[in-house]
Amino acid sequence: MPPFQAPKGTRDLYPLDAARRRFITEAWRAASIRHGFDEIDGPTFEPLGLYTVKSGEGIVSELFSFRRAGGEDDYALRPEFTPTLARMYAAKAGSLPRPTKWFMAGPFFRAERPQRGRLREFLQWNADFLGLGGDPKTPEEVEAAKAAADAEIIATCVSLLASLGLKPTDVRIRVNHRYALSAWLTTQGVAPERQPDLFKLLDQRGKMPEAQFAAGLGAFGFSPQQAEVFQKGVVRITTDDPQARDSVLDLTLFSHAVLPLANQFAQMGIVDWIDFDLTIVRGLAYYTGMVFEVHEAGGAERAIAGGGRYDGLVELFGGPATPAVGFGMGDVVLALVLQDKGLMPPDASLLEAAGQRPDVFVLSNGTPQAEVWVRPIVAQLRAAGLHARHTYKATRNIGKLLKEAGDAHARVAVIIESPQQATLKDLGTGVQTPVPLAEACRTVQGLIAR
């Protein structure tokens, strides 16, 4: 029988791989809690209709869907969390706080061609802000509250990126506003019924040559010179200059429409991370206002994260009218960026953060009288709450066993010399200290606590 291999597009996570993934998930969790989000989760599979009601039947080819043998119901492994989130919120909307801030991190599945940065099974962090703060009444108050929630979501994303050592020179958050873009396009002669096709073209900008992209824009009445504005993407918006405009296309209307967002970014201290980009649209019908993506500055990786405002989705799942905004971030691209920039911590730090770095490694000097105490001392150390290990090898060579302790990144080695005496060795400094065996556990606890 040929050897079995992991399914295509999945990962085998050995101890260090798992520690790297835990480093990312713990950073996600810390950023979420720091910004006041409550943790939730849902099933890893849902009725297939939960996804088709939002995205249409065409999405089925992108999912891992199944029907239990002898069953009548169709299910799918979750490709995203927003439908589950909307279902959960709709079920208890009347009893939930307003606004509701939720986060989760878990496995997701997409039936697509695996490539660098894209797998069929991956972890994803989701953070969502449902409802509005401040009980706004007027349309102006509602828009201001939406801008504040949008900025808070992006600030949470920035907080995570900064906590991992990334800087605005490393990654850029590219922001657009679909309603503002639509209104501006109308002034440029692009009728509303044609705008979905233009949005689709903008969404595919990175997947086609510049000449092909410019030709596509020409079909909507934009000259080659104007096409350069879209190819450049970035629009300069500042709180000091709401009349900022491009030399080829008058972007005054767009700039004015997104000024509340720019002001919020400035208030939250994240404006240095932001680029307003006309080409960020993120699909056709899902988002209703602000949209954003996080990209490596000058890099070719897929988006590190993406999201936006999706007002109306909770209603689609039977809930009340609920403004909502959120984003998702996968672990695959993020891990690649951290590794490429040298920001993934050293192995010992990863194991320590994951709770897998031993506090103490117990061995003997090889004599039968000392060897018989190895397991009892390990048991004492574990009962005291320490991560203690010993060898399972036949060798009693102290040099080889200390190397095993070092390879495991243990902090301290306890070398049992006799039923009465032990030597403690700090594996970081190499300092050795003789102690009575009866005092070994307490002494190790003191070393570890320092």
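Defining a contact as two alpha carbons under 8 Å apart and six or more residues distant in sequence, what relative contact order in percent does region 358-449 show?
Values: 159 pairs, mean separation 28.4, N = 92.
Relative contact order, region 358-449: 31 percent.
Please give, to one decimal in nm, the separation of the simple spin-label points placed at ALA379 and GLN212, each 7 Å out from Cα toward the Cβ.
Simple spin-label model gives 7.0 nm for this pair.
How much of the DSSP bridge set in region 358-449 is antiparallel, in percent, rounded to the nearest 5? Spell out each step's value before the answer.
Numbers: 10 of 18 bridges.
Within region 358-449, antiparallel bridges account for around 55 percent of the total.
Below 12 angstrom from the Cβ of ILE40, what's the summed charge of the other residues (Lys, Arg +1; Asp, Glu -1)?
My count for the surroundings of ILE40 gives -1.
Per 10 Å bin, what is the whole-percent P(r) computed from every C-alpha pair distance within region 47-196?
Result, from short to long distances: 8, 23, 34, 27, 7, 1 percent.
Using the Karplus curve 6.51 cos²θ - 1.76 cosθ + 1.60 with θ = phi - 60°, work out ³J(HN,Hα) for each residue of region 182-194 in order, rounded to whole Hz, and write x for Gly and Pro.
Calculated HN-Hα couplings, in order: 4, 5, 5, 4, 4, 5, 8, x, 8, 5, x, 5, 8 Hz.
Going by the alpha-carbon gyration tensor, a ≥ b ≥ c the square roots of its eigenvalues, is region 358-449 rounded (a/c under 1.5) or, if a/c is not under 1.5, prolate (a/b greater than b/c) versus oblate? Write out the running numbers ahead of the final one.
Working: a/c = 1.32, a/b = 1.08, b/c = 1.22.
Rounded, since a/c falls under 1.5.
Rounded to the nearest 500, what is the chain's calculated 222 nm mean residue ellipticity when only DSSP H runs of at least 4 contribute -39500 (n - 2.57) each, over all residues?
-11500 deg cm²/dmol
Please turn the phi angles of region 147-161 into ³J(HN,Hα) values with the Karplus equation 6.51 cos²θ - 1.76 cosθ + 1.60 (θ = phi - 60°), one per residue in order, whole Hz, x for glycine and proline.
Using θ = phi - 60°, the values come out as 4, 5, 5, 4, 5, 5, 4, 5, 4, 5, 5, 4, 4, 5, 4 Hz.
Most mobile of VAL372, VAL325, VAL60 per a Gaussian network model of the chain (Cα springs, under 10 Å)?
Residue with maximal mean-square fluctuation among VAL372, VAL325, VAL60: VAL372.
Using 0.36 nm times the number of residues separating ASP74 and VAL142, minus their current alpha carbon distance, what extension gain do you get? Please list the in-between numbers first.
Numbers: separation 68, 0.36 × 68 = 24.48 nm, distance 3.96 nm.
Going from the current span to full extension adds 20.5 nm.
Where both residues lie in the chain, what percent of DSSP beta bridges are antiparallel, nearest 5? Walk me through the intermediate numbers first.
On the way: 53 of 66 bridges.
Bridges in the chain that DSSP calls antiparallel: roughly 80 percent.
Subtracting the Cα-Cα distance from 0.36 nm times the residue separation, let me have the gained length for ARG116 to ALA438 in nm, one decimal.
Numbers: separation 322, 0.36 × 322 = 115.92 nm, distance 5.44 nm.
Using 0.36 nm per residue and subtracting the Cα-Cα distance, I get 110.5 nm.
Quote to one decimal, in nm, the extra length available between GLN420 and LYS92 on full extension: 0.36 nm per residue of separation minus the C-alpha distance between them. Walk me through the numbers before you get to the answer.
Values: separation 328, 0.36 × 328 = 118.08 nm, distance 6.38 nm.
Full extension from GLN420 to LYS92 adds 111.7 nm.
Got a sec? How would CYS157, CYS441 order by Cβ neighbour count within 10 Å, fewest to most? Could you put the intermediate results ahead of the total?
Values: CYS157 25, CYS441 21.
By the 10 Å Cβ count, ascending: CYS441, CYS157.
Putting +1 on Lys and Arg Cβ atoms and -1 on Asp and Glu Cβ atoms, find which of PRO345, MET208, GLN369 reaches farthest to the positive end of the dipole of the chain.
Checked the options; the winner is GLN369.
I'd like the distance between the alpha-carbon centres of region 102-151 and region 62-78, rounded to an integer number of Å.
The distance from the Cα centre of region 102-151 to that of region 62-78 comes to 26 Å.
Please list, or write none, the aspartates and glutamates whose alpha carbon is within less than 14 Å of the alpha carbon of LYS146, excluding same-chain residues fewer than 8 places away.
ASP128, ASP135, ASP311
Calculate the FRET efficiency for ALA219 and ALA183 from the Cβ-Cβ distance with a Förster distance of 22 Å, rounded to the nearest 0.05. Intermediate values should be presented prior to the final figure.
Numbers: r = 21 Å, r/R0 = 0.95.
Calculated transfer efficiency: 0.60.
Just to confirm my numbers, what's the Cα centroid distance between region 250-291 and region 394-450 in Å?
So the two Cα centres are separated by 58 Å.
Can you work out ³J(HN,Hα) from phi for every residue in region 75-90, in order, using Karplus 6.51 cos²θ - 1.76 cosθ + 1.60 and θ = phi - 60°, giving whole Hz and x for Gly and Pro?
10, 8, 5, 5, x, 7, 9, 4, x, 5, 4, 5, 4, 5, 5, 4
How big is the charge dipole of region 358-449 about its Cα centre, in debye rounded to the nearest 20, if each Lys and Arg gets +1 on its Cβ and each Asp and Glu gets -1 on its Cβ? Provide the component values of the computation, followed by the final result.
Numbers: 10 positive and 7 negative charges, 40 e Å.
Roughly 200 debye, rounded to the nearest 20.
If you compute Rg/Rh (Cα atoms, Kirkwood Rh) for the structure shown, which of [x] 1.09; [y] 1.02; [z] 0.97 do you land on?
Checking each listed value against the structure points to [x].
What's the FRET efficiency of ARG67 with LEU16 using the Cβ-Cβ distance as r and R₀ = 35 Å, to the nearest 0.05?
Values: r = 39 Å, r/R0 = 1.10.
With R0 = 35 Å, the Cβ-Cβ based efficiency is 0.35.
Taking Rh as the Kirkwood radius, which is the inverse of the mean 1/r over Cα pairs, what is the Rg/Rh value for region 266-345? Can you show the working numbers first?
On the way: Rg = 15.4 Å, Rh = 14.7 Å.
Across region 266-345, the Cα-based Rg/Rh ratio is 1.05.
Could you check which residue among ALA384, ALA262, ALA145 shows the biggest mean-square fluctuation in a GNM of the chain with a 10 Å Cα cutoff?
Maximum among the listed residues: ALA384.
Hey, in the GNM for the chain with a 10 angstrom Cα cutoff, which one of ASP203, ASP38, ASP74 fluctuates hardest?
ASP74
Determine, for TYR75, TYR179, TYR287, the number of other Cβ atoms within 10 Å of each Cβ, and report the residues in order from fewest to most. Don't skip to the end; give the middle numbers.
On the way: TYR75 19, TYR179 15, TYR287 25.
Fewest-to-most ranking of TYR75, TYR179, TYR287: TYR179, TYR75, TYR287.
Based on the Cβ-Cβ distance of ASN397 and VAL431, what FRET efficiency does E = 1/(1 + (r/R0)^6) give at R0 = 30 Å, to the nearest 0.05? Write down the numbers at each step before the final one.
Values: r = 22 Å, r/R0 = 0.72.
FRET efficiency, ASN397 to VAL431: 0.85.
Find the relative contact order for the chain and round it to a whole percent, using C-alpha pairs within less than 8 Å whose residues are 6+ positions apart. If you can, show how the numbers build up before the last one.
On the way: 729 pairs, mean separation 66.8, N = 450.
Relative contact order for the chain comes out at 15 percent.
Throughout, read-outs are computed from the coordinates displayed, never taken from laboratory work. All of these numbers come straight from a predicted model, not from anything done at the bench. Cβ: placed from backbone, ideal geometry, glycine included. Neighbour counts: every protein chain shown.
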